[in-house]
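Note sheet for the following structure.
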Amino acid sequence: MRAALSALVLLALPANAEPAHMTAHHAAARSLGKFGEWQAATHGEGDATTCFLFTRAEASPQHIPGRSDVVLSVTRRPHSHDVVALSAGFVLSGHEDAPLQAGGSRMLFYIAGRSAFARDNAAALASFGHEVSVTARLAGPRGITATDRFSLKGFSTAYAAMAKACPAS
């Protein structure tokens, strides 16, 4: 669980954070619990607390050499909206949106390096709350398309724990 929290704390930090600064964030990480396939946690930054929840891909049929963990997350920072992100585990290629499918709902995520972010966070969260799984099709290196499936079992409970720890401002 510590390794998973460490990985997600790094995802939850600003891209321009200094390595020493990231170590301080990591030390402050605190688990809120595991809910089905989702883990919820917090980390502090001065007087502010950032909350996040995440799950790893339950199915990634393609083997892509050098690929790191594939993680779907939601992060809530003080005075900001929830941000839904997917860490692909490799640099995403192409300039088009990455599609995610949850039941009958199709969501578009914009690409930023190794991650993709929901264009409509509220719609993504609403879909996650009533579906069983979400599937991402991501354009990767050397023309490979990765198809990853994430379980949504426990999402609503994990989200409620996050919302209790970090009420929306």
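The values are calculated or read from the model by the stated rules, or taken from the named source; none is laboratory data. Keep in mind that what you see is a predicted model, and the values were worked out from it rather than measured. Don't worry about glycine lacking a Cβ; one is built from the backbone with ideal geometry, like all the others, and counts go over all protein chains shown.
Which of the strands (runs of 3 or more DSSP E) found entirely inside the range 85-147 contain at least 2 residues meeting this: within 14 Å of the chain's Cα centre (by Cα) and closer than 19 Å to Gly36 by Cβ? Spell out how you get there, then give the answer.
Numbers: elements: 98-102, 105-112, 115-118, 133-139.
Those strands (runs of 3 or more DSSP E) span 133-139.
Considering only residues of the range 51-70 that are surrounded by fewer than 22 Cβ atoms within 10 Å (Cβ to Cβ) and in a strand (DSSP E or B), which is modelled with the highest pLDDT?
Arg56
Would you check which residues across the range 117-143 are in contact (Cβ under 8 Å) with a residue 60 or more places away in the chain and hydroxyl-bearing (Ser, Thr, Tyr) and list them?
Within the range 117-143, Ser133 is the sole residue that qualifies.
Looking for whichever is closer than 20 Å to Thr50 by Cβ and either of a type outside the set (S, T, N, Q) or in contact (Cβ under 8 Å) with a residue 12 or more places away in the chain (or both) here; the options are Ala158, Ala98. Which one fits?
On inspection, the qualifying residue turns out to be Ala158.
Considering only the range 148-169, how many residues are part of a helix (DSSP H, G or I) and of a type in the set (Lys, Arg)?
1
Given the structure, is Gly44 farther than 23 Å from Ala146 by Cβ, free of Cβ contacts under 8 Å to residues at least 24 places away in the same chain, not in a loop (DSSP other than H, G, I, E, B) and not hydroxyl-bearing (Ser, Thr, Tyr)?
In short, yes.
Give the residue, chosen from Ala126, Ala98, that is among the small types (Gly, Ala, Ser) and modelled with pLDDT under 90.
Ala98
Identify all residues within the range 71-107 that are surrounded by fewer than 16 Cβ atoms within 10 Å (Cβ to Cβ), of a type in the set (S, T, N, Q) and either under 21 Å from Ser133 (Cβ atoms) or touching a Leu at 6+ places or on another chain (Cβ under 6 Å) (or both); write none if there are none.
Ser105, the sole residue that qualifies.
Any idea which of Ala136, Ala160 is within 19 Å of Thr42 (Cβ to Cβ) and at pLDDT 90 or above?
Ala160
For Ala40, all conditions in the list (1) in contact with a Ser or Thr (Cβ under 7 Å, 6 or more places away or on another chain); (2) surrounded by 14 or more Cβ atoms within 10 Å (Cβ to Cβ); (3) at pLDDT 85 or above hold save one; what is the number of the exception?
Only one criterion is unmet by Ala40, namely (1).
Could you list, in sequence order, the residues of the range 126-164 that are surrounded by 18 or more Cβ atoms within 10 Å (Cβ to Cβ), farther than 26 Å from Ile64 by Cβ and out of contact with any Gly (no Cβ under 9 Å at 6 or more places or on another chain)?
The one that is surrounded by 18 or more Cβ atoms within 10 Å (Cβ to Cβ), farther than 26 Å from Ile64 by Cβ and out of contact with any Gly (no Cβ under 9 Å at 6 or more places or on another chain): Met162.
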